[in-house]
């Protein structure tokens, strides 16, 4: 590489400094985040005050509580689980007060649904953390059942149309939770949910019978069709449709059923059967909702507790472009460290969601040494040559120079720059892509490619898939991944 | 009312210093995304400090010190955790909103790489002197060092850069 020695390094540094600044968008984003942080800190002070007031037996003025509610409920309280310091505030102060301000039957029912989901979320999170004890489980599940019972009873006072909607949505949500609980081996809770699903299903059908004879306007059916299409698009946009994670596969299946139901509804409209169309759209909505809950609330880190001792990993990362998708590598850690890390990451993912009830559950998957498999596959293709950027890119047309960014060699590291892939070694930068990469470098290479392709590699099949993609020329890869 | 004024003053501090802190972080860690996070964290921590009623005598020095501590933590995490190995070492290295366009992208890449190869504390001294535009005395106040020490670091840092270019 030709080094042009500048006449005046100081001037060059000053010019470089003036070339770098925050964009207006970045500044606005940072200001917004700062303001949010400032507001959060203020709210925490309210909660601290109330907690203090409780412990010192002061009476907290109702006006204070109302102000607290009106200014919005703190995410930190909603994020609290049994055992956390704010959990008492969440369940004994915030939730009852919020319940008081539900001023219609419909709002009350919706809030009972929300509380049901919250209690179930809490059980899932604790199960995922391996901190769920029998006492908490019984208490939380029984609370969830209590809210479900109130919800179910309250629908009797609602209009059949609204009752169908709320029962349909709750039924779909519970079916999703059934799947999630069975994944964390909570059979008892799964059975309880199944029984409630059956009750809700029966009530929904009864209400659907009531409205089946009623008159539905064509424009109402068409509007419902449009609403369902938008809902479907929204959830499809959030679900990793190419992903092979368990949550993604289940969600994809539900979304396919939703598309069929939507299509059926549109056919009903064409045939003039608007009431039937509404029922089809209601069915579509249930499938979409189930997909949404299964995927958004489901497995991201793919760690099953029973195999955690044999798990291995080098890297876990949240893919910011598709917040529900996480690229992972097999894990090598003590189980408690792994679960702590998973919990930490799950909070990051949860924080990035708009829905306050979103959370993640955690499963460990048995993993093979995928790096050895990767190396073997690479070697078997490049023959007797060393594994270098030159040999790899020659053999695998789908590999890019930037895939070698941060890839170590025995004596240095490859760095991707504006002027190409360079080797940094012995304090200098060389335009040399022929130095063999180290074992750590091989791992980094696999990680870089997997992140670029937005795929995970936990099993042999995953690695074979990635190596298969590496063999395909660039333009073909981009087409197939669309 | 007092809280509102504090908030207002703080946002003015952000408006005044955000570019400088970002630039500083960017040249220290050679990664735009990391620099953005470090800048955000710097001001968050500054707010946490002032909102507890603590006084700051020299705001600029304080904010630079906070940023410096965060950068040190960043270096430590990078060394000890292989989990961060996937972070790009050289991120988006040219400011897409550079209106002046005073430096060609290739030149900017090269100087960034050279600065990246400098050892600390010379890198810090060179960045604060020529990128941040601080005098050795100001740098010394911020880092609580002697001005002579800072001058020596700056000089050695520039010499190292020369050597890197000559190689």
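The values are calculated or read from the model by the stated rules, or taken from the named source; none is laboratory data. The structure presented is a predicted model; accordingly, all values stated were derived computationally and were not measured. So basically every Cβ, Gly included, is an ideal-geometry build from the backbone, and we count neighbours across all protein chains shown.
Summary of computed values
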quantity	calculated
Selection status of residue B:76, more than 18 Å from residue A:30 (Cα to Cα) and surrounded by fewer than 20 Cβ atoms within 10 Å (Cβ to Cβ)	yes
Matching entry among A:135, A:141, A:125 (being crowded, with 18+ Cβ neighbours inside 10 Å and out of contact with any helix residue (DSSP H, G or I) (no Cβ under 7 Å at 6 or more places or on another chain))	A:125
Test for residue A:370: is it in contact with a helix residue (DSSP H, G or I) (Cβ under 6 Å, 6 or more places away or on another chain), crowded, with 20+ Cβ neighbours inside 10 Å and within 14 Å of another protein chain (Cβ to nearest Cβ)	no
Scope the range A:437-457; condition crowded, with 22+ Cβ neighbours inside 10 Å and away from chain B (no Cβ under 12 Å); matching residues	A:437, A:456, A:457
Filtered residues of the range B:151-167 (kept if at the interface with chain A (Cβ under 9 Å from one of its Cβ atoms) and touching a residue at least 12 places away in the same chain (Cβ under 8 Å))	B:158, B:161, B:164, B:165
Members of the range B:32-59 that are more than 10 Å from chain A (Cβ to nearest Cβ), touching a residue at least 40 places away in the same chain (Cβ under 8 Å), over 21 Å from residue A:39 (Cβ atoms) and part of a helix (DSSP H, G or I)	B:34, B:59
Residue in the range A:458-470 that is assigned by TED's automatic domain parsing to the domain that holds residue A:377 and part of a loop (DSSP other than H, G, I, E, B) present	yes
Single unsatisfied condition, residue B:126 versus (1) crowded, with 21+ Cβ neighbours inside 10 Å; (2) over 22 Å from residue A:428 (Cβ atoms); (3) without any contact (Cβ under 8 Å) to a residue 40 or more places away in the chain	(2)
Positions within the range A:396-419 being part of a loop (DSSP other than H, G, I, E, B), touching a strand residue (DSSP E or B) at 6+ places or on another chain (Cβ under 6 Å) and within 9 Å of chain B (Cβ to nearest Cβ), in sequence order	A:405
When residues of the range A:24-53 are limited to those that are within 7 Å of chain B (Cβ to nearest Cβ) and surrounded by 14 or more Cβ atoms within 10 Å (Cβ to Cβ), the one modelled with the lowest pLDDT	A:41
Qualifying residue in the range B:6-15 (condition: more than 7 Å from chain A (Cβ to nearest Cβ), touching a residue at least 12 places away in the same chain (Cβ under 8 Å), surrounded by 21 or more Cβ atoms within 10 Å (Cβ to Cβ) and at negative phi)	no
Residue match in the range B:128-136 (condition: at pLDDT 90 or above, at the interface with another protein chain (Cβ under 7 Å from one of its Cβ atoms), assigned to a helix (DSSP H, G or I) and more than 17 Å from residue B:32 (Cβ to Cβ))	yes
Failed condition for residue A:237, given (1) farther than 21 Å from residue A:260 by Cα; (2) modelled with pLDDT under 80; (3) part of a helix (DSSP H, G or I)	(1)
Qualifying residue in the range A:420-436 (condition: in contact (Cβ under 8 Å) with a residue 60 or more places away in the chain, more than 10 Å from chain B (Cβ to nearest Cβ) and surrounded by fewer than 21 Cβ atoms within 10 Å (Cβ to Cβ))	yes
